[in-house]
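Trainee: Below you will find the structure I want to go over with you.
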Amino acid sequence: MSEIMHRKIGPLCTMPAQSEWFTLSDCTYRYSLVLFGFGWALATTPISFGYYTFKHNMLWYGPVKGFLMSLGYPVMPLILAGAQVIKSIKKIFDPSDWQMDGPGRVFFLKPANPIAAFIWDCYLTQSMYVGQYWLVGTHTDAISHTWVDTLLTKDMWREALTEVDARLPRQLAVWENNGLKDVAKDLIGHDLVVKLDDSYLGIGDNFWHFGKDYSTEAEFQAKMSEAYIGNEFDGRRALVLEMVKPKTDLGVHSLDIITMRTPDDDVKVISVLLWADCTTSSSHSTQAGYTIDIETETVVAPAGWYSPYFATMKTPLIGRKYHGVRKAAQSAIAAHKAIKYKWLTAVGWDCMIMKGDEVVFFEGNFAGARTPRRMFMSFSHFWAFTTSMFWPFGSGNSVRPGAQAFA
């Protein structure tokens, strides 16, 4: 494995042992790893984990409910499972779900078996609760970013990527206070992408083609007003970007690269996924997920472990080369190192390969949701993360921000 990829975690995420994903036994096994992780954190860092649990609950569930839930800290998995039961009952009367209603719904589909589906719901909630503890520790800013981005905005990511000379879609305007500003002279004539500054999973994104969706600045202004005024996006800031196009023979796709800070203050790649077979201009419409080997820039395995949607997909892209992946990984590492927030332990980078194998980056995100799916894929994954990144004993053995119980 190359010097770019983490030597222990990288191979496990690139070539995970194949399994019958999302069966009852698989969901139970992965959930049991989360429970083991909870017990490990409780036993090895009880004070730090307790502080994080209180702050997490207050943030995610509100001051009253969060405080009451925190009183049951030693049995938090049981409390969170009870909360999941209540949530499931509420869904009978109100089936709306932001995960299933959003553009990235394929990532949140549930197993067909209803018992497995409930266990998987518990796994998702609790893997983030436990896994994010190791990513954010007791650091106030880090904990707050498990809920909402305040410092890690689209502008911040673009600045970090620009600093390392990574290619970005050109910014043509800004939507702020329900109006356009900093409008480029040649705005009209481009196919455009509009992205909310503090959003994720494609929520609030719009893709508009010149000559089809708008032809004049007045028409574009009208499209923006319709999309971002008088609804849940009212008053929020958005970037208006050029719509970049993928290399023709690759089609719309996205490279999902996760970088992590290491205990010696280096940065390594732990995973590269390919989201392909997209049905729209957005990679959130992906129909297929794969892992890619950085060294050979080759598609090597299906990402059937990520969501039930990908568990039974056909895999025609196995063996295909995606030239530019290694360069993308190098740029992601350099950009992560350039970010001033040292508490930012894990970053998910989204990019695409264009004509001439040039890589264009769309953004970064705190990888607080992506990383736990890899942490608890198997015991081998859990132990590699624990011993390489989050070892609680001794000094300088953990990237967890904030207080270190045994440092």
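The values are calculated or read from the model by the stated rules, or taken from the named source; none is laboratory data. Keep in mind that this is a model prediction, so the values were computed, not measured. Backbone-built Cβ (ideal geometry, glycine too); neighbour counts: all protein chains shown. Note: accessible area is taken over every heavy atom of the protein model, side chains too, but ligands, DNA and RNA are not part of it. Shrake-Rupley method; radii C 1.70, N 1.55, O 1.52, S 1.80 Å.
Okay, residues lined up against (1) open to solvent by less than 30 Å² (accessible area, probe 1.4 Å); (2) within 18 Å of the chain's Cα centre (by Cα):
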{"site": "GLN330", "(1), (2)": "no, no"}
{"site": "LYS342", "(1), (2)": "no, no"}
{"site": "ALA346", "(1), (2)": "yes, yes"}
{"site": "ASP350", "(1), (2)": "yes, yes"}
{"site": "SER388", "(1), (2)": "yes, no"}
{"site": "TRP391", "(1), (2)": "no, no"}
{"site": "GLY402", "(1), (2)": "no, no"}
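Trainee: Among the residues of segment 195-213, are any farther than 30 Å from VAL75 by Cα, modelled with pLDDT of 95 or more and touching a Phe, Trp or Tyr at 6+ places or on another chain (Cβ under 7 Å)?
Mentor: Yes, segment 195-213 contains a residue that is farther than 30 Å from VAL75 by Cα, modelled with pLDDT of 95 or more and touching a Phe, Trp or Tyr at 6+ places or on another chain (Cβ under 7 Å).
Residues are listed down the side, and each one gets a yes or a no for (1) surrounded by 13 or more Cβ atoms within 10 Å (Cβ to Cβ); (2) of a type outside the set (Asp, Glu); (3) farther than 29 Å from TRP383 by Cα:
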| residue | (1), (2), (3) |
| --- | --- |
| ILE9 | yes, yes, no |
| PHE36 | yes, yes, no |
| GLY62 | no, yes, yes |
| LEU78 | no, yes, no |
| ILE89 | no, yes, yes |
| ARG105 | yes, yes, yes |
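Conditions tested, residue by residue: (1) of a type in the set (Phe, Trp, Tyr); (2) in contact with a Lys or Arg (Cβ under 6 Å, 6 or more places away or on another chain); (3) over 15 Å from ALA142 (Cα atoms).
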| residue | (1), (2), (3) |
| --- | --- |
| ALA338 | no, no, yes |
| LYS342 | no, no, no |
| PHE379 | yes, no, yes |
| PHE382 | yes, no, yes |
| THR386 | no, no, yes |
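Trainee: Moving on to the next point. Among the listed residues ALA238, ALA218, identify the single one that is small (Gly, Ala, Ser), over 30 Å from ARG326 (Cα atoms) and crowded, with 21+ Cβ neighbours inside 10 Å.
Mentor: Details: ALA218 fails: crowded, with 21+ Cβ neighbours inside 10 Å.
When all the criteria are applied, what remains is ALA238.
Trainee: Here's something else I'd like to know. Write out, first by first residue and then by second, each pair whose Cβ atoms fall under 6 Å of each other, whose residues are 6+ apart or on separate chains, and whose first residue, in segment 84-106, is more than 16 Å from MET128 (Cβ to Cβ) while the second is part of a helix (DSSP H, G or I) and at pLDDT 90 or above.
Mentor: VAL106/TYR309
Trainee: Have a look at LYS195, LYS212, LYS185 and point out the one that is touching a residue at least 12 places away in the same chain (Cβ under 8 Å) and charged (D, E, K, R).
Mentor: Details: LYS212 fails: touching a residue at least 12 places away in the same chain (Cβ under 8 Å); LYS185 fails: touching a residue at least 12 places away in the same chain (Cβ under 8 Å).
Result: LYS195 is the single residue among LYS195, LYS212, LYS185 that is touching a residue at least 12 places away in the same chain (Cβ under 8 Å) and charged (D, E, K, R).
Trainee: Could you tell me whether any residue of segment 361-371 is surrounded by fewer than 17 Cβ atoms within 10 Å (Cβ to Cβ) and modelled with pLDDT of 95 or more?
Mentor: Just the residues of segment 361-371 that are surrounded by fewer than 17 Cβ atoms within 10 Å (Cβ to Cβ), to begin with: none.
No: segment 361-371 contains no residue that is surrounded by fewer than 17 Cβ atoms within 10 Å (Cβ to Cβ) and modelled with pLDDT of 95 or more.
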